[in-house]
Structures are given as structure tokens and as C-alpha cells.
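Notes for the one structure printed next.
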Amino acid sequence: MFKESEQIEKFEPKVWLSSPTMHGEEIKYVQEAYETNWMSTVGANINEVERLVCKKIGCKYAVGLSAGTAALHMAVKLAGVKPGEKVFCSDMTFSATVNPIVYEGGVPVFIDTEYDTWNMDPEALEKAFELYPDVKVVVIAHLYGTPGKVDELRDICEKHGAVIIEDAAESMGATYKGLQTGTFGKYNAISFNGNKIITGFSGGMLLTDDKEAAEKVRKWSTQSRENAPWYQHEELGYNYRMSNVIAGVVRGQIPHLEEHIAQKKAIYDRYKEGFKDLPVQMNPYDSEKSEPNFWLSCILVNEEAMCKQVRGEKDALYVPEHGKSCPTEILEKLAEYNAEGRPIWKPMHMQPIYRMNGFVTRDGDGRARTNAYIAGSEKDCDGCPFDKGMDIFYRGLCLPSDNKMTAEQQNIIIEIVKSCFQ
Ligand SMILES: *Cc1c(COP(=O)(O)O)cnc(C)c1O
């Protein structure tokens, strides 16, 4: 372990959280689009990417769109969410899981997180159906590429006659009981955003086994043009179709998905081994049921090893303490060395924009405990319902997980994290 006094050089270039990795075929397909003038939302690359994704994921239909967010919007529309209707939604996720519900006038109700996979807690979901039995749509994300408790969540949704929309934006290539994420919902979304495991720089897809649904999305995403000699419109349209240029990049990336997953898994395993003597846990998964894509490696600092940390709406403070640390200290230290980490995605029920929305934990309203955490006095709240998402946000962080990071660089990062606990 290195001492504070030892001089470590800053990483140059920076070690990223997760950045695009190109291989060469991408430019060939983009070039092809260019040379044949198929520089639009029609072309061979789009057709081929849709075919390849269906084959890889095991769904019947894939519709190429401009973003994962657009795919989620189309999914919410397909599910028939009407203005004022409540929709259950993962709480610890990126805002793009939630916002499309609001685009359609729906009202997200957030479901707390479990500790086993950091995804939607089935017990909290069951509780939510007791509170709001009329809810018909549930949006489920697989955080950081780790599949959630699919069987349990699906059983509950089936029992209550609710449709699942799966947000597999972060989990492309991850499997649950041998099946790919993106096949468990009725309407599902993947993303090719620049930080995802494979990328087109942007782009996304709606996945479904429902032919009629796929056809609707093809029409809606190209401005809902009717089959007529002129521009004829009977429905609201969107400009959401994938570009043939972006599709060229994605087409070149798809053959490298498994290779990226293997690299990400090696990064996860190296961190796990490197931290075995530290009071931290890696982001967990159910190794019997699922194989994540290991998109991001994260750690959770054990409660007894947390130094004092206070977070406001936009900044954070901590008090250094011998033998203890916290996400703020670790992230600041990583930044000093030009390595990019990130706090855990801040739970949606904690976001100012969604502060008035419902939030269901397995044992009641988690806000009391949450507010105690913000005040830094969680001990004053013994017996308060426990808000797990807020706890993971408070104690957890995402580590540099770029697949171009070398083992040597990662070893230095491991030493930097260790030094925080000295
Ligand atoms: C990235 C992401 C999205 C959105 O995908 P875009 O292609 O960036 O629109 C949706 N949900 C989750 C969980 C994501 O991480």
C-alpha cells in the first residue's frame, strides 16, 4: 500500500468511468452509408442492427430509435398510460427511466430498492399494489448492468394484471436464468448512448414480441405518416427514428459486446480481489440466477467504516477520520489523480423535481429516515422506516470502469481507495 508521502503521478490521459471503445468496423459501415448517400433514417445499417439485436437478445422485433429515452417514451405510450394515471417505477435509476412517464402525463410512484441487486424491491412493489391496486404499468430498470429480481417482480405484476416496461439501457447483454434482459417486459428499451457498454454515440431501441406494437412505433417515430400520396396524419407523431449513420457505428459495435462484457467483468473481479481486506462491498448480484454485464463497478462502504459526510442539494462535505472514509473523500481523491468516479445515481424520490411524488418502501414511508440522513443524525431516527435507496446513495460510489483502463492503472486506483481508509 502506498503512503501519502509517496508521489503518484496523475493519470494522463484521464481514466474514465466508462467511455466509448471503437474497433474499426464502425467506420467502414459509416463510410458505406456516406458513399451510398444513405445519410438518413432509412438504410442497410438500421435494418442490419435491428436484425442483429433481435438475434442477440432473443426478441421478435427491435425498432431502431434516436435514443433509449425515445424507446422508453414509445413504451409508455404503447402501455397506454393516460394523464393523471399512477405508474410504479424503479427509484434508484437514471432520470431517463422516469421522465417518459411524465411526457405522457403519468404520475411516477417510486418503489424502494433491495440490497441484493440494488434494483426494485419486490416486497416494496407488493406493498405499493396494496396502496394503489389500480396501477397497470410498472417500469423496471436493471441498475449498472445487474439484473433485478425478475421472477419475483414478474409474479407480482402478473398477479395484479400490470404490464412491465423493462429499462435495459444499462444492462445490454446481461442475463437472468439464461435469458437476456430486455425480454422480460411487454415493451423494453436498450440504449446506445456514449457511456453504455456498446455505443453508437447515441441511439436506442424498442424491443417487443408484439408485432402490432413494433409497427406502431415504426409509424409514430417517423412522424406518424399515413399511407397516402401526401403527408396525411391521423395520430401524433415524433421524430425518433435512428439514423443510418449512427446505426453504422452500432453495427460495428455489436460483434464486440461479449468482449466488452468480459473486460468489464475482469475489472469487477480485480476490484473485488483488491478490496477484500477493506470494509467495503462490491455492487452485488445473484450469481445463481444472473450474469450481469458488469457495466459499472461500484462499492458500498460498511456503515461502521463511514466517516461523517453531509450532502446538500449540490455539494458535499466530510470529516476525515483515521480508519474510515466515505464516497465524497474517495471521489475527491480519485479526481486528484485524474480518475473519474461518480456517486451512486441519486434516488428519484430525493430529486427536487419528484419530491411530491409517492415513494413506497417495504415498511412504510422512507422519507423520515431519509431526512434524518440529510441532517446527518440518522441515530436520532431509530425505528424510522429504512430507505434503502438513500442508504446506498449515501454509502456507495461508482468506480472508474472503463474497459480501456489497464490492470496497472486499476491497481493504482485500488491503492488510492485503500489510502482513504488509512
Ligand atoms: C442511459 C439510460 C437511459 C437513456 O438512454 P439514452 O439513450 O441516453 O436516451 C435510460 N435509462 C437508464 C437506466 C440509462 O442508464
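The values are calculated or read from the model by the stated rules, or taken from the named source; none is laboratory data. Since this is a predicted model, take the numbers as computed values, not measurements. With ligands, DNA and RNA removed, areas are computed over all heavy atoms of the protein, side chains included. Shrake-Rupley method; radii C 1.70, N 1.55, O 1.52, S 1.80 Å.
Taking a threshold of 20 Å on the Cα-Cα distance, which of the pairs Lys77/Lys211; Lys289/Lys418; Lys324/Lys404 fall above it? Could the numbers behind the result be given before it?
Numbers: Lys77/Lys211 15 Å; Lys289/Lys418 31 Å; Lys324/Lys404 30 Å.
Beyond 20 Å between Cα atoms: Lys289/Lys418; Lys324/Lys404.
With runs of 4+ DSSP H residues as the only contributors, calculate the mean residue ellipticity of the chain at 222 nm using -39,500 (n - 2.57) per run, divided by the residue total and rounded to the nearest 500. Spell out each step's value before the answer.
Values: 13 runs with 139 residues, N = 422.
Here the helix-only value at 222 nm equals -10000 deg cm²/dmol.
Considering only beta bridges that DSSP places wholly inside segment 25-256, some 45 percent are antiparallel.
Rolling a 1.4 Å probe over the protein heavy atoms of segment 25-256, with every protein chain left in place, gives an accessible area that is 53 percent carbon and sulfur.
How big is the accessible area of Met350 in square angstrom, nearest 10, if you roll a 1.4 angstrom probe over the protein chains? Taking all protein chains as shown, Met350 has close to 30 Å².
Taking amide hydrogens as placed 1.01 Å from N in the peptide plane, the amide H of Glu85 sits under 5 Å from those of Val107, each at least 5 positions away in sequence or on another chain. Taking a quarter of the surface of the Cα convex hull of segment 25-256 gives a mean projected area of 12.6 nm².
Using a probe of 1.4 Å on the protein chains alone, the accessible area found for His73 is around 10 Å². Taken one residue at a time, the phi angles of segment 110-118 give Karplus couplings (6.51, -1.76, 1.60, θ = phi - 60°) of 8, 10, 5, 9, 9, 7, 7, 9, 6 Hz. Gly and Pro are set to x.
Of all DSSP bridge pairs formed entirely within the chain, close to 60 percent run antiparallel.
Which of the three applies to segment 61-109, rounded, prolate or oblate, going by the alpha-carbon gyration tensor with a ≥ b ≥ c and a/c under 1.5 meaning rounded? Present the calculation step by step, with values, prior to reporting the outcome.
Details: a/c = 2.19, a/b = 1.34, b/c = 1.64.
It comes out oblate by the Cα gyration axes.
Quick check for you: with a 1.4 Å probe and neighbouring chains kept, what is the accessible area per residue of the chain, in Å²? The partial results should precede the final answer.
Details: 18340 Å² over 422 residues.
On a per-residue basis, 43 Å².
Per residue, the convex hull spanned by the Cα atoms of the chain amounts to 141 cubic angstrom.
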